[in-house]
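The values are calculated or read from the model by the stated rules, or taken from the named source; none is laboratory data. The structure displayed is predicted, hence computed values, not measured ones. Cβ: placed from backbone, ideal geometry, glycine included. Neighbour counts: every protein chain shown. Heads up: the accessible areas ignore ligands, DNA and RNA and are worked out on the full protein's heavy atoms, side chains in. Shrake-Rupley method; radii C 1.70, N 1.55, O 1.52, S 1.80 Å.
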Amino acid sequence: MSPWNNSITRDLFDQVMVPTYNPPQAIPVRGEGSRVWDQQGREYIDFAGGIAVTCLGHAHPRLLSALQKQAAKVWHLSNVMTNEPALRLARRLCELTFAERVFFTNSGAEANEAALKLSRKHASARFGAHKHEIIAFEQAFHGRTLFTVSVGGQPKYTEGFEPLPAGIRHVPYNDLAAVEAVISERTCAVIVEPILGEAGIVPGDPTFLAGLRTLCDRNSALLIFDEIQTGVGRTGELYAYMGLGVTPDILTTAKGLGGGIPIGAMLTTAPIAASFAVGSHGSTYGGNPLACAVANEAVAIVSEPALLAGVRARHQELTDALRLLAARYGVFDQIRGRGLLIGCALTERWQGRAREFLRMGLDEGVMLLVAGADTLRLAPSLVIPQADLDEGLRRLERVLARALASEPSRGDGDG
Ligand SMILES: *Cc1c(COP(=O)(O)O)cnc(C)c1O
């Protein structure tokens with residue numbers, strides 16, 4: 001007899017999965033647009049977007065068609081041969097951005113890994129091995145490989161994994177003077193999220209990001225924008241850099257890029273790309289035809305001006321509604337972010353308790369996200385229909401009412 005459960009339930013998770021996650025009881029089985037249904041047929045409004053990934057919602061007809069068409073042709077060849085979908089997607093990304101060259105990966109962390117390795121290679125070939133320092137920011141998130149957790153600025157993600165890669169310096173975000181104090185001829189790259197994502201949806205100050213460009217130029221260092229979360233229309237621009245007037249040397253993209261199919265990419269210029277030669281870097285699955293065919297369709301849809309205008313309109317509507325909820329319930333106050341990447345900063349009384357709202361959200365039929373322990377994060381589909389946006393907000397309001405009801409008033413000033 002099998003020692004495992006016959007049925008597929010949350011209990012089975014603890015029996016067969018490495019315990020890196022602690023998912024809730026509900027197991028979604030189907031999604032359409034911005035609605036998702038679990039095993040019991042309960043319906044949820046999706047304000048989470050699979051962590052800013054399903055940018056066109058679930059089962060988008062055009063993505064489904066691209067996937068099915070390519071699935072009937074060829075799924076995988078490896079990089080021993082090139083393929084049409086990868087070339088089409090690379091050409092599209094070059095047409096739409098500053099980039100002249102593209103390297104495909106399967107995830108965001110791998111895109112950053114490629115960017116960091118390319119920066120080191122570029123600097124060592126041109127200037128020598130001393131130019132290897134990477135400047136990154138406290139609280140930043142760049143992925144979970146050893147190099148990317150080391151570059152990320154959250155010590156909890158590197159604890160116990162030492163020894164870590166060397167030559168990485170961390171300074172406070174939005175603090176240009178701190179960067180100026182450590183950048184030097186030894187710096188090969190500065191890596192930055194235009195909006196700190198995992199750390200609470202903290203937008204980079206435009207003057208800070210422009211200042212990084214100037215400091216990098218002065219020190220012959222590369223500027224890497226990690227747009228894994230902010231890219232592919234999320235902020236109301238195809239990429240956030242486009243609204244900032246700051247062009248990076250390398251840009252990493254993933255999450256929304258495939259609309260839910262795992263794919264990432266590193267974008268750069270021709271001269272920088274030339275620091276990688278045949279054999280310098282690689283990936284078995286990176287640039288596979290199946291993922292690239294879906295991503296090509298996703299980028300084609302998201303880059304339409306009307307879609308991006310729709311993201312900006314929904315931002316206005318959603319943040320207006322959230323401000324009303326903030327005033328009515330006092331659970332969160334500051335509303336941060338751009339486009340459909342929105343953070344609601346919990347008030348003092350609710351500090352550290354963001355995750356409790358995820359559970360209450362599921363009880364009320366709305367899928368929410370957190371960004372750190374003190375911020376609720378919303379990252380719905382970029383094309384979420386009006387009715388779903390309204391219904392999701394009604395359910396969110398019930399969550400806030402429920403939170404207050406479960407918590408006897410402690411009076412003013414009692415944090
Ligand atoms: C999600 C994320 C990553 C990591 O992407 P994975 O696909 O999980 O490897 C890196 N950087 C940022 C800014 C992210 O939001």
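In order along the range 372-389, the Karplus-derived 3J(HN,Hα) couplings, from 6.51 cos²θ - 1.76 cosθ + 1.60 at θ = phi - 60°, round to x, 8, 10, 9, 7, 10, 10, 9, x, 3, 5, 10, 4, x, 3, 5, 6, 4 Hz, and Gly and Pro are given as x. For the range 207-355, what class follows from the C-alpha gyration tensor (a ≥ b ≥ c being the square roots of its eigenvalues): rounded when a/c is under 1.5, otherwise prolate if a/b is larger than b/c, else oblate? Because a/c hits 1.5 or more and a/b exceeds b/c, the range 207-355 counts as prolate. Probing with 1.4 Å while keeping every protein chain in the model, the per residue accessible area of the chain equals 44 Å². Seen from a random direction on average, the alpha-carbon convex hull of the range 1-110 projects onto 11.0 square nanometres. Close amide H partners of THR105, meaning residues 5 or more places away or on another chain with modelled amide H under 5 Å apart, are GLY264, ALA265, MET266, GLY287.
When the Cα atoms of the range 139-212 are enclosed in a convex hull and the volume is divided per residue, what value in Å³ results?
Numbers: hull volume 6.4 nm³, N = 74.
In the range 139-212, the Cα hull volume divided by residue count equals 87 Å³.
From the largest down, the range 192-248 spans 31, 22, 18 angstrom on the principal axes of its Cα atoms. With semi-axes defined as the square roots of five times the eigenvalues of the C-alpha gyration tensor, the equivalent ellipsoid of the range 73-302 measures 27, 19, 17 Å, largest first. In order along the range 22-30, phi translates into HN-Hα couplings of 9, x, x, 5, 5, 10, x, 10, 7 Hz, rounded to whole numbers, per the Karplus curve 6.51 cos²θ - 1.76 cosθ + 1.60 with θ = phi - 60° and x for Gly and Pro.
Distance from the C-alpha centroid of the range 180-228 to that of the range 104-125: 16 Å, rounded to the whole angstrom. For the range 227-243, 3J(HN,Hα) computed residue by residue from phi via the Karplus equation (6.51, -1.76, 1.60; θ = phi - 60°) reads 9, 4, 9, 8, x, 6, x, 4, 8, x, 10, 4, 10, 4, 4, 5, x Hz, glycine and proline entered as x. Relative to the dominant Cα principal axis of the chain, helix 61-71 is inclined by about 50°.
Expressed as a whole percent, the accessible area of the range 275-415 that falls on carbon and sulfur atoms is 51 (1.4 Å probe).
Heavy-atom surface analysis with a 1.4 Å probe gives the range 82-226 a carbon and sulfur content of 52 percent of its accessible area.
When +1 charges are put on Lys and Arg Cβ atoms and -1 charges on Asp and Glu Cβ atoms, the dipole computed for the range 92-241 relative to its Cα centre reaches about 480 debye. Cross-linked pairs LYS131/LYS255; LYS121/LYS255; LYS73/LYS121: Cα-Cα separations exceed 29 Å for LYS131/LYS255; LYS73/LYS121. Taking a ≥ b ≥ c as the square roots of the eigenvalues of the Cα gyration tensor, the range 233-277 is oblate, since a/c reaches 1.5 or more and a/b is not larger than b/c. Beta bridges from DSSP with both residues in the range 73-302: antiparallel share about 40 percent, rounded to the nearest 5.
In the range 51-184, the C-alpha radius of gyration followed by the widest Cα-Cα span (Dmax) gives 18.9, 56 angstrom.
For GLN334, nonlocal amide neighbours, meaning residues 5 or more places apart or on other chains whose placed amide H falls under 5 Å from its own, are ALA345.
Note on the range 73-302: dipole from Cβ charges, positive end direction compared against ALA99, THR145, ILE195; the farthest Cα belongs to ALA99. For the chain, the Stokes-Einstein estimate of translational diffusion at 4 °C and a viscosity of 1.567 mPa s comes to 58 µm²/s, using the Kirkwood hydrodynamic radius over alpha-carbon pairs. Dimensions of the range 287-374 along the principal axes, based on C-alpha atoms and rounded to the nearest Å, stand at 49, 27, 22, largest first.
Here is the list for the range 111-188: GluC sites (Glu not before Pro) lying in DSSP coil, each with at most 15 other C-beta atoms within 10 angstrom of its C-beta, are GLU159, GLU185. Taking every alpha-carbon pair in the range 290-330 and binning the separations at 5 Å intervals from zero gives 6, 20, 15, 14, 13, 11, 9, 7, 5, 1 percent. Angle check, please: helix 305-329 long axis (alpha carbons) against the longest principal axis of the chain (alpha carbons), in degrees 0 to 90, nearest 10. On a 0 to 90 degree scale, this one is about 50.
The orientation-averaged shadow of the Cα convex hull for the range 323-415, equal to a quarter of the hull surface, comes to 5.8 nm². Per-residue ellipticity at 222 nm computed for the chain from its helices equals -11500 deg cm²/dmol, with DSSP H segments shorter than 4 residues left out and the rest contributing -39,500 (n - 2.57). Close amide-amide hydrogen proximity is noted between GLY204 and ILE195, LEU196, each under 5 Å apart and 5 or more residues distant or on a separate chain (H modeled in the peptide plane; Pro and chain starts excluded). Specify which residue in the list GLY128, LEU212, THR82 is farthest towards the positive end of the charge dipole of the chain, using unit charges on the beta carbon of Lys, Arg (+1) and Asp, Glu (-1), about the Cα centre. Final value for the positive-end residue is THR82.
Only the Cβ atoms of Lys and Arg (+1) and of Asp and Glu (-1) were treated as charged; on that basis the dipole of the chain about its Cα centre amounts to roughly 780 debye. How far is helix 354-364 tilted off the main Cα axis of the chain, in degrees rounded to 10, range 0 to 90? Relative to the chain, helix 354-364 is tipped by roughly 50 degrees.
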